[in-house]
Amino acid sequence: MSLTAPAQEPGTTPGPAPDDTGPDQRLLKTSPLRRLLGRPELGSVVGALAVFLFFAVIADSFLRASSLSTVLYAASTIGIMAVPVALLMIGGEFDLSAGVMVTSSALISSMASYQMTANVWVGVGVSLLVTLAFGLFNGVLLTRTKLPSFIITLGTFLMLTGMNLGFTKLISGTVSTKSISDMEGFASARALFASQLTLGGVTVKVTILWWLALVAVATWILLRTRAGNWIFAVGGNEDAARAVGVPVSKTKIGLYMGVACAAWVSGQHLLLSYDVVQSGEGVGNELIYIIAAVIGGCLITGGYGSAVGSAVGALIFGMTSKGIVFAEWNPDWFKFFLGAMLLLATLLNAWVRKRAEATS
């Protein structure tokens, strides 16, 4: 059988070529429903609405303005770290040292200021440089050794945990730092990292503003910049991303330094809220950051997720942790509810993805 098209008769005009492929798929408009189903944070938004309605019915005081302010504050302390952790997970990596890195940042700032009898801002600056060095260490070691991020950041977690306790006891003689509340620059530093505003009679912590700003910046990076494309590409298929010219190593190092930068912000808030820091704080918080990102739609395997989703995941955490208190339940059950939400959110996110793929 010949596959050659029949020749045209002399003097005739060729007819249009048969269209076997249909319209160009790139020119097809995507329906609003299909776009909605394709959003990573859809499952977490549904879960957040369910949790909100549940505690609104169960706890009478949950809907008070002061209670909602408390919920937002609890969510912001997790959300500040959940945002860069989510970006790192989209890039296909983990950071198990994120929780203790927050404490390390606070300890460095406090001890540098106190030991040098310098302005508090000197300690804040030293803390920024050292904390970024922790992130750089994680990123460089990961890209140079090709070891799993789980192993590398677990090692960093253990080293920082030991350093936090060892250096604090060596320098201050106890497991906590000395008070820096009477040092020059403390008031201005607290205003930036640990102040509160009164809006309409409701107290709003400055961490909520930090959180919203980080979500906005991270969303812009993911959706509007070349770096965002690199993050998704690296998390989706590292070898393919490298083959098309994506700077894989620089992208991963940048993501780890982003986590370190957020840890610095959280650490300064921790220090300046109480003016002293316990060296054992932060252990276990890294799992909460990861849980918030997963609840928000990030995949463990990388290449999928959003900053907004991590914010919703942190909000669910805040509503649950404080909702249990407002409902006057035994707080010992909090971890049970958190684990149940993690499983339900993961199942819901998987179902949403399958529905989105089926309608695409």
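For this structure, a couple of remarks:
- q = 0.10 Å⁻¹, the chain: log10 I(q)/I(0) [Debye, one scatterer per Cα]: -0.67
- Folded to 0 to 90 degrees: helix 285-295 orientation relative to the chain principal axis, Cα: 30
- Reciprocal of mean inverse Cα separation for the range 234-276 (Kirkwood radius, Å): 12.3
- Whole-percent carbon and sulfur share, accessible surface of the chain, 1.4 Å: 67
- Highest-MSF residue in the chain out of Ser44, Ser127, Ser176 [GNM, Cα springs under 10 Å]: Ser176
- Rounded accessible area per residue of the range 43-353, 1.4 Å, Å²: 44
- On Cα atoms only, tilt of 334-359 relative to the major axis of the chain in degrees: 20
- Helix 307-326 vs. the chain, principal-axis angle (Cα, 0 to 90°, nearest 10): 50
- If R0 is 45 Å, the Cβ-Cβ spacing of Ser179 and Leu49 corresponds to a FRET efficiency of close to 0.55.
- Accessible surface, 1.4 Å probe, highest first, among residues Val234, Val45, Val204: Val45, Val204, Val234
- The phi torsions of the range 175-185, fed into the Karplus equation with coefficients 6.51, -1.76 and 1.60 and a -60° offset, translate into couplings of 8, 10, 7, 7, 5, 10, 5, 9, 8, 5, x Hz, rounded to whole numbers, with Gly and Pro shown as x.
- When you restrict to C-alpha pairs under 8 Å that are six or more residues apart and normalise by the size of the chain, the relative contact order lands at 34 percent.
- Non-local Lys pairs in the chain, i.e. 8 or more apart or on different chains, that have alpha carbons under 15 Å apart: 4
- Mean Cβ count within 10 Å, highest first, over the residues of peptides 310-318, 342-350: 310-318, 342-350
- Viscosity 1.306 mPa s, 10 °C: Kirkwood-radius Stokes-Einstein D of the range 217-360 over Cα pairs, µm²/s: 91
- Semi-axis lengths, largest first, of the ellipsoid equivalent to the range 90-172 are 27, 14, 9 Å, with √(5λ) applied to each eigenvalue of the Cα gyration tensor.
- When the helices of the chain are scored as -39500 (n - 2.57) per DSSP H run of n ≥ 4 and the total is divided over every residue, the value at 222 nm lands at -23000 deg cm²/dmol.
The values are calculated or read from the model by the stated rules, or taken from the named source; none is laboratory data. Just so it is clear, the structure is predicted and the values come from calculations on it, not from any experiment. Cβ: placed from backbone, ideal geometry, glycine included. Neighbour counts: every protein chain shown. Just so you know, the surface numbers come from the protein's heavy atoms only, side chains and all, with ligands and any DNA or RNA stripped out. Shrake-Rupley method; radii C 1.70, N 1.55, O 1.52, S 1.80 Å.
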